[in-house]
Amino acid sequence: MNNIFKKSKSVALSIDGFFDKVDLGILNFKKGASNYVNGNKNEFDQNLKTLNLLEKEADTIQRKIENDFYLHSLMPNYSSDILNLLETIDDIMDMSNDVLNQFDIETPHIPELVKKDFLELISLTAKSVDNAVPAARIFFTSPDEVKDKIQKVLFYNREANALSNNLKRKIFQEFDTLKLSEKIHLRYFALHIEQVSDVAKRIAHLLSSLVIKINM
């Protein structure tokens, strides 16, 4: 994999810059969603503003990487797989930004009795993604070290899915005072937070496939 960097140092710098934006995006997603649940409106607004900007910057870098891959004919046997990987990583930014924007637009009321569950779901989702991005970073320099981080991605994804199901069950079965529309609204947000971790799972599977291909 090091021949990517030998052919084009600018691509290596772009990939590092892209991952830096995604790392910051994940941080702002986690803080932003948590700040919303905790009622910290000013902090949430700043997280949303920052994530909007980071998403645009990550998109710009991703397009540059894609153009450079074709321009320099980098990794011709794997270029489509690698670009698909980077696009899926960029999906994390898109989905994270969409979740915060929907919080901002729809302003769901989070009952006190499920705040802890929502915060834990946000944390587990962030942990899944937090391990997916370093796994992708390592792939470009030491692909044999990817496997351990992939296992963590899948572990936290399973935990997020399980907690999300429990949370949705609690919302529908234990909250008689809520209207059906309110329950559906809360279920919607639990689902979309959970789906961010599902993108991390897709990244893990793409990385597993790429590692196998380059070792064949």
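Since every read-out is calculated from the coordinates, none of them should be taken as a lab result. Just so it is clear, the model here is predicted, and its values are computed rather than measured. Every residue, glycine as well, gets a Cβ built from its backbone with ideal geometry; the counts of neighbours run over all protein chains shown.
Past 23 Å, Cα to Cα, is the threshold; run 49/201; 56/115; 41/116; 21/183; 56/183; 31/147 against it and keep the listed order. Kindly include the intermediate steps, with their values, before the conclusion.
Values: 49/201 27 Å; 56/115 30 Å; 41/116 18 Å; 21/183 34 Å; 56/183 33 Å; 31/147 28 Å.
49/201; 56/115; 21/183; 56/183; 31/147, as the Cα separations exceed 23 Å there.
What is the calculated FRET efficiency for residue 42 to residue 119, with r their C-beta to C-beta distance and R₀ = 22 Å, to the nearest 0.05?
On the way: r = 19 Å, r/R0 = 0.84.
About 0.75, to the nearest 0.05.
Based on the alpha carbons, how large is the Rg to Rh ratio for the range 3-214 when Rh follows Kirkwood? Display every interim value, and only then the final one.
Values: Rg = 18.5 Å, Rh = 17.9 Å.
My calculation of the ratio gives 1.03.
Based on DSSP H runs of at least 4 residues, each adding -39500 (n - 2.57), what is the mean residue ellipticity at 222 nm of the chain after dividing by all its residues, to the nearest 500 deg cm²/dmol?
On the way: 7 runs with 186 residues, N = 216.
Value at 222 nm, helices only: -30500 deg cm²/dmol.
Using alpha carbons only, how many angstrom separate the centre of the range 139-216 from the centre of the range 101-126?
15 Å
Helix check for the chain. Which DSSP H runs span at least 30 Å along their own axis by Cα, with a mean Kyte-Doolittle hydropathy no less than -1.0? List each step's numbers first, then the result.
Values: long enough: 9-37 (42 Å, 0.24); 41-72 (46 Å, -1.13); 79-106 (40 Å, -0.04); 112-139 (42 Å, 0.43); 146-174 (41 Å, -0.83); 180-214 (51 Å, 0.49).
In the chain, the long hydrophobic H runs are 9-37, 79-106, 112-139, 146-174, 180-214.
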